[in-house]
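One structure is given here, and the rest of the page talks about it.
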Amino acid sequence: MKFVAATLAALLPLSACAEAETPNAEPAKTAASEPKIAPSIPISVKEARRGPVDLTPYVGKYPFDVVNGHRFLDHPAVQAAIATAVPDAQARARVVFADNGLGLPIVRVAGDRILAWGGARRAEDRYNWAVVIAPDGTKGEVCIFEAVGDDPELWSAAWYVAGKPAVMKQGGCPSSAEDYPPADIVAG
């Protein structure tokens with residue numbers, strides 16, 4: 001009996017190794033109720049373009065809603081568009097949907113594009129961001145707004161477009177179709 005137990009004890013680790021090395025073994029599946037959320041890692045534009053992109057399922061959803069496995073800002077095409085438009089990593093890091101942040105439903109805007117907006121909880125009128133992008137993941141524009149001073153008439157937001165220097169536009173970032181495109185700064 002001791003011999004059988006000792007033999008089993010010696011073979012048990014070997015069988016575990018054989019299972020781990022089996023190339024056809026499938027990884028453990030997640031429960032159906034667990035959403036699959038892609039990690040927020042920077043990717044290249046080339047990686048985002050590997051397959052056809054359709055961001056229209058996000059229209060009407062909040063930026064934090066999971067659609068086809070990704071929240072809006074976590075979608076590879078959106079990440080690539082943001083990275084291409086905003087070359088400065090510190091500025092790009094400000095376009096994030098924090099767990100306690102505010103968001104509005106994603107809407108269609110002029111030029112058959114999609115607008116996603118987010119802001120800081122209880123400070124959304126002082127700090128907010130917007131991403132405007134074509135449904136196929138191209139033509140990305142990023143707006144970052146942080147209020148300076150107390151006079152809203154003097155506030156402006158930085159707009160980033162790939163290959164161009166940032167441009168300041170009047171007011172905060174647009175949160176609805178009526179607010180896009182943003183107004184140019186008017187000298188008075």
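At a glance:
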read-out	value
Qualifying residue in the range 158-172 (condition: under 13 Å from Leu102 (Cβ atoms) and either part of a helix (DSSP H, G or I) or modelled with pLDDT under 95 (or both))	yes
The range 50-64, residues that are assigned to a loop (DSSP other than H, G, I, E, B) and either touching a strand residue (DSSP E or B) at 6+ places or on another chain (Cβ under 9 Å) or under 11 Å from Ile114 (Cβ atoms) (or both)	Asp54, Leu55, Val59, Gly60, Lys61, Tyr62, Pro63, Phe64
Some residue of the range 73-93 being among the polar types (S, T, N, Q), part of a helix (DSSP H, G or I) and either touching a residue at least 60 places away in the same chain (Cβ under 8 Å) or closer than 15 Å to Leu55 by Cβ (or both)	yes
Within the range 121-149, tally of residues that are crowded, with 17+ Cβ neighbours inside 10 Å and at pLDDT below 85	1
Residue among Ala77, Ala48, Ala31 that is more than 26 Å from Trp155 (Cα to Cα), modelled with pLDDT under 85 and crowded, with 16+ Cβ neighbours inside 10 Å	Ala48
Yes/no for Val109 being farther than 18 Å from Ser176 by Cα and among the hydrophobic types (A, V, I, L, M, F, W, C)	no
Strands (runs of 3 or more DSSP E) completely within the range 101-141 that count 1 or more residues being within 14 Å of the chain's Cα centre (by Cα) and within 11 Å of Val59 (Cα to Cα)	113-119
Boolean, Arg121 is among the basic types (Lys, Arg) and touching an Asp or Glu at 6+ places or on another chain (Cβ under 9 Å)	no
Any chance Tyr180 is within 20 Å of Tyr62 (Cβ to Cβ), modelled with pLDDT under 90 and either exposed (fewer than 15 other Cβ atoms within 10 Å of the Cβ) or of a type outside the set (Lys, Arg) (or both)	no
Selection from the range 62-91 of residues that are charged (D, E, K, R) and farther than 17 Å from Gly137 by Cα	Asp65, Asp88
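The values are calculated or read from the model by the stated rules, or taken from the named source; none is laboratory data. What you see is a predicted model, and the numbers here were worked out from it, not measured in a lab. Quick reminder, even Gly has a Cβ in these numbers, built from the backbone with ideal geometry, and neighbours come from all protein chains shown.
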